[in-house]
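Data first, discussion second: the structure below is written as structure tokens.
The values are calculated or read from the model by the stated rules, or taken from the named source; none is laboratory data. Here the structure is a predicted model, which is why all the values come from computation and not from measurement. As a convention, Cβ positions derive from the backbone with ideal geometry for all residues, glycine included, and neighbour counts pool all protein chains shown. Remember, those area values only see protein heavy atoms, side chains included, never the ligands or the DNA or RNA. Shrake-Rupley method; radii C 1.70, N 1.55, O 1.52, S 1.80 Å.
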Amino acid sequence: MFYEHFVRFDTSKRSGSQEYAICPFHADTNASFTVNTETNEWYCHGCATGGKEIKFLEMFYDVDKKIAEYAFSYMEQKGTLPFPSEEQIEAYHKKLLNKPKEVEVLHDFGITDETIKKYQLGLEDIRITIPIRSRTGKVINIRKYLPPHRRVIGSNNAKVIQIRGLGDKRYFPYEAFNEEQEEIYIVEGEKDCLAARSQGLNAVTCTAGSNIPTEELALFQDKIVWLMLDTDATGRRTTKQYIQLLKPIAKEIHLIQLPVKDF
């Protein structure tokens with residue numbers, strides 16, 4: 001059964017077509033999560049929420065419906081989910097640590113060893129891998145950055161790619177929105193974000209370039225926001241959009257004019 005990949009059912013509580021398990025969505029001690037094995041519908045009596053497989057994936061991985069539909073279809077065809085595993089992330093991370101020259105490139109950006117370890121940066125072929133975690137802590141994508149020294153003039157290699165079918169606009173990392181952090185810096189791109197965080201700034205970025213995750217703007221409620229995006233035309237346009245969108249949400253909005261294109 002689909003749900004057996006995510007919860008352990010208590011066979012002693014089984015009743016006809018109803019299976020019971022500890023709910024994965026809240027601190028449950030009473031096996032409030034139920035599944036009807038005939039309809040494949042689930043319901044949690046503690047959360048007062050339910051649905052079918054796609055709704056479950058939406059909540060479990062904290063992804064939108066489109067991604068959940070793709071993941072479910074992928075699982076039906078291949079018997080596994082498309083999301084990266086923790087083992088895969090760790091393997092990429094170890095590969096990077098065994099390549100001192102690639103680590104040195106990250107140091108040149110201002111990214112520290114502590115940040116490399118904390119965010120489990122890795123290496124796949126010639127790209128730096130950056131695991132993207134959802135608000136539930138699950139790895140839901142990998143952004144793959146091609147460092148400048150690996151780029152070939154005239155080639156069409158994209159600077160950043162990701163796992164096909166898992167692209168989503170969201171913020172990275174979510175710890176930037178911690179209640180204890182009043183100030184937050186918006187930068188452009190995961191590499192710049194990690195460099196800024198390495199230097200002590202509470203930075204955040206969008207995983208979809210200049211495509212602002214409008215559904216998540218409430219995260220900036222009552223924050224002091226510093227807009228520190230790229231100084232090119234795209235960055236200036238995105239900055240103007242942020243100002244308009246954050247005016248009714250943020251406590252304060254400030255602009256930082258970088259002396260070069262990016263952080």
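Averaged per residue, what accessible area in Å² does the chain show with a 1.4 Å probe, protein chains only? Provide the component values of the computation, followed by the final result.
Working: 14000 Å² over 263 residues.
Roughly 53 Å² per residue, with all protein chains present.
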For the chain, with a Gaussian network of springs between Cα atoms less than 10 Å apart, report the residue from 236, 127, 150 with the top mean-square fluctuation. 150
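Just the ratio, please: alpha-carbon radius of gyration of the chain over 2.2 N^0.38 Å, N its number of residues. Intermediate values should be presented prior to the final figure.
Details: Rg = 20.9 Å, N = 263, 2.2 N^0.38 = 18.3 Å.
Here the Cα radius of gyration is 1.14 times the empirical estimate.
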Please work out the Cα center distance from segment 48-89 to segment 204-261, rounded to the nearest Å. 30 Å
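Full-extension gain between residue 6 and residue 81, please, as 0.36 nm times their residue separation minus the C-alpha to C-alpha distance. Can you show the working numbers first?
Working: separation 75, 0.36 × 75 = 27.00 nm, distance 1.16 nm.
Gain on extension, residue 6 to residue 81, equals 25.8 nm.
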Estimated translational D of segment 17-59 in µm²/s (Stokes, Kirkwood radius over Cα pairs; 20 °C; 1.002 mPa s): 210 µm²/s
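Rounded to the nearest 5, what is the percent of antiparallel bridges among the DSSP beta bridges in the chain?
Working: 27 of 37 bridges.
Antiparallel bridges make up about 75 percent of those DSSP assigns within the chain.
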Choice from 65, 169, 247 with maximal GNM fluctuation in the chain (Cα, 10 Å cutoff): 247
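Can I get the semi-axes of segment 176-249's equivalent ellipsoid? Compute them from the C-alpha gyration tensor as square roots of 5 times the eigenvalues, in angstrom, largest first. Show your work: numbers first, answer last.
Working: eigenvalues 59, 53, 21 Å².
Equivalent-ellipsoid dimensions as semi-axes: 17, 16, 10 Å.
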Carbon and sulfur atoms: what percent of the 1.4 Å accessible area of segment 118-263 do they account for? 49 percent
Quick one: in segment 147-207, what % of C-alpha pairs are over 14 Å apart? 63 percent
Rg(Cα) of segment 212-262 divided by 2.2 N^0.38 Å? 1.12
Name the GluC sites (Glu not before Pro) in segment 125-192 that are in a loop by DSSP and that have at most 15 other C-beta atoms within 10 Å, would you? 179, 180, 182
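Quick check on segment 124-246: of the DSSP beta bridges with both residues there, what percent are antiparallel, nearest 5%? Present the calculation step by step, with values, prior to reporting the outcome.
On the way: 12 of 18 bridges.
The antiparallel fraction comes to roughly 65 percent.
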Over the chain, relative contact order from alpha-carbon pairs under 8 Å, at least 6 apart, %: 10 percent
Which pairs break 22 Å Cα to Cα here: 159/261; 66/118; 169/251; 95/191? 66/118; 169/251
For labels at residue 210 and residue 260 in the simple 7 Å Cα→Cβ model, what's the distance in nm? 2.1 nm
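What is the Rg over Rh value, at two decimals, for segment 129-178, using alpha-carbon atoms and the Kirkwood definition of Rh?
Working: Rg = 13.3 Å, Rh = 12.5 Å.
That ratio equals 1.07.
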Could you work out the equivalent-ellipsoid semi-axes for segment 1-137, taking the square root of 5 times each eigenvalue of the Cα gyration tensor, largest first, in whole Å? 38, 16, 13
Provide the solvent-accessible area of residue 5, counting protein heavy atoms only and rolling a 1.4 Å probe, rounded to the nearest 10 Å². 120 Å²
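Rounded to the nearest 20 debye, what is the charge dipole size of the chain about its Cα centre when +1 sits on each Lys and Arg Cβ and -1 on each Asp and Glu Cβ? Spell out each step's value before the answer.
Working: 35 positive and 38 negative charges, 161 e Å.
Computed charge dipole of the chain: roughly 780 debye.
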Could you give the length gained by full extension between residue 30 and residue 105, i.e. 0.36 nm per residue of separation minus their alpha carbon distance, to one decimal place? 21.9 nm
Compute the normalised compactness of segment 96-207: alpha-carbon radius of gyration over 2.2 N^0.38 Å, N being the residue count. 1.06
Per the helix-only calculation at 222 nm, which mean residue ellipticity applies to the chain, given -39500 (n - 2.57) for every DSSP H run of n ≥ 4 and division by its residues, nearest 500 deg cm²/dmol? -8500 deg cm²/dmol
